[in-house]
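The values are calculated or read from the model by the stated rules, or taken from the named source; none is laboratory data. Remember, predicted model here, so these are calculated numbers, not experimental data. Don't worry about glycine lacking a Cβ; one is built from the backbone with ideal geometry, like all the others, and counts go over all protein chains shown. Side chains included, ligands, DNA and RNA excluded: accessible areas come from the protein's heavy atoms. Shrake-Rupley method; radii C 1.70, N 1.55, O 1.52, S 1.80 Å.
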Amino acid sequence: MISNQILQTTIDGLKAITRIDLCICDTEGKVLSSTFPDAEQYESAIISFVDSPADSQVIQGYQFFKIFDENQLEYILLAKGGSDDVYMVGKLAAFQIQNLLVAYKERYDKDNFVKNLLLDNLLLVDIYNRAKKLHIETNVKRVVYLIETKHEKDVNALETVRCLFAGKTKDFITAVDEKNIILVKEVKPTETAEELEKTANMIVDMLNTEAMTKVHVAYGTVVSDLKEVSRSYKEAKMALDVGKIFYSNKNVVAYSNLGIGRLIYQLPLPLCRMFIKEIFEGKSPDEFDDETLTTINKFFENNLNVSETSRQLYIHRNTLVYRLDKLQKSTGLDLRVFEDAITFKIALMVVKYMKYMESLDY
């Protein structure tokens with residue numbers, strides 16, 4: 001269905017050219033758009049015209065026209081005047097609205113097709129048959145970007161993304177839930193991983209500037225066939241979740257760069273609990289005080305370098321050594337030893353993952 005705003009813009013433009021007033025109503029006589037006031041008074045005349053066999057008719061000084069969507073009556077168009085010139089303008093206007101119906105229907109069909117494709121709701125044979133009917137190439141390289149907005153149903157963000165890729169006829173922009181915008185983007189044969197990352201950062205920057213909203217962008221791997229687009233979507237979805245858990249400071253996350261977070265994300269919760277209990281004997285790393293956690297995180301940031309960590313924390317080297325010794329006594333892990341440091345780092349990530357998964361259950 002065409003929006004009333006588009007219909008109004010269309011007849012305003014036609015009136016500016018022809019100087020003839022126009023009105024579009026639905027089949028129940030309700031005015032959808034009009035260039036003149038008091039169009040509601042023709043409701044009964046419109047209902048009578050809908051029931052008549054005629055496709056056009058002069059009623060009360062107006063030319064009435066029927067506009068069909070295939071064989072279904074969709075709109076009634078009124079053109080002010082009974083002359084041949086008004087009839088010609090009315091026919092042109094009806095033809096224009098008819099073309100808009102076809103274009104919007106095709107856009108809707110494509111959007112619906114892409115949604116079902118992403119959600120794996122189509123059989124393989126249906127994918128290729130419908131793609132052919134909708135003139136969508138099947139063997140083009142594509143990648144799926146998932147854009148999570150801060151607010152649900154963020155219309156401004158959706159329109160900004162559509163404007164950003166408006167000239168790209170082989171790209172598809174849709175949404176399968178309230179908070180996520182999906183971009184299925186064509187990838188040129190020469191396009192590199194750096195350029196994919198650049199596109200993601202451009203989306204973030206544009207939405208921050210134009211739509212005034214903060215977003216997170218994740219994207220999957222490049223696929224070479226239409227039937228594999230759902231895989232890239234699932235990868236982007238996983239990358240978004242893993243990014244929120246382990247890389248919350250990043251606005252852009254690629255599925256191909258998830259690192260150890262990818263492994264931890266796929267662990268069952270009972271196994272995670274067993275691991276934490278084994279390492280810390282029931283005590284969780286997030287139970288440490290803020291000072292200890294700050295010390296640990298800074299020590300990891302500086303690649304286990306005692307001198308650099310103490311300098312950045314503005315404490316004496318001996319103070320840092322004391323804190324590390326204290327931590328060793330309570331956990332049995334010495335962060336100055338590489339193997340213990342790795343164990344502790346993984347444990348911190350496992351705890352983050354557990355807390356995130358448990359929060360989803362509430």
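Summary table below
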| read-out | value |
| --- | --- |
| Among residues of region 314-362, those that are closer than 24 Å to L269 by Cα and hydroxyl-bearing (S, T, Y), counted | 6 |
| In region 222-274, the residues that are touching a residue at least 12 places away in the same chain (Cβ under 8 Å) and among the acidic types (D, E) | D225, E235, D241 |
| Cross-chain or 6+ apart pairs with Cβ under 9 Å, region 84-111 first and free of Cβ contacts under 8 Å to residues at least 40 places away in the same chain and at negative phi, then of a type in the set (K, R) and surrounded by 14 or more Cβ atoms within 10 Å (Cβ to Cβ) | A94/K66; D109/R130 |
| Condition check for E358: at pLDDT below 90, in a helix (DSSP H, G or I) and closer than 30 Å to V144 by Cα | yes |
| Single condition K234 does not satisfy, out of (1) open to solvent by less than 50 Å² (accessible area, probe 1.4 Å); (2) within 30 Å of N116 (Cα to Cα) | (1) |
| Only listed residue being in contact with a Ser or Thr (Cβ under 8 Å, 6 or more places away or on another chain), surrounded by fewer than 18 Cβ atoms within 10 Å (Cβ to Cβ), free of Cβ contacts under 8 Å to residues at least 60 places away in the same chain and hydrophobic (A, V, I, L, M, F, W, C), chosen from L360, L313, L327 | L313 |
| Subset of region 35-51 (residues that are in contact (Cβ under 8 Å) with a residue 12 or more places away in the chain, open to solvent by 30 Å² or more (accessible area, probe 1.4 Å) and of a type outside the set (S, T, N, Q)) | E43, I47, V50 |
| Selection within region 5-34 - open to solvent by 30 Å² or more (accessible area, probe 1.4 Å), in contact with a strand residue (DSSP E or B) (Cβ under 6 Å, 6 or more places away or on another chain) and β-branched (V, I, T) | T27, V31 |
| Members of region 166-218 found to be closer than 24 Å to L134 by Cβ and assigned to a strand (DSSP E or B), listed by number | F172, I173, T174, N180, I181, I182, L183, V184, K185, E186 |
| Selection within region 152-168 - open to solvent by 70 Å² or more (accessible area, probe 1.4 Å) and aliphatic (A, V, I, L, M) | V155, A166 |
| Among the residues listed as A200, A166, the single one being over 23 Å from K105 (Cβ atoms) and of a type in the set (G, A, S) | A200 |
| Residue pairs meeting the criteria (Cβ under 7 Å; at least 6 apart or on separate chains; first in a loop (DSSP other than H, G, I, E, B), in region 148-160; second open to solvent by 30 Å² or more (accessible area, probe 1.4 Å)) | K150/K214; E152/E178; E152/K179; K153/E178 |
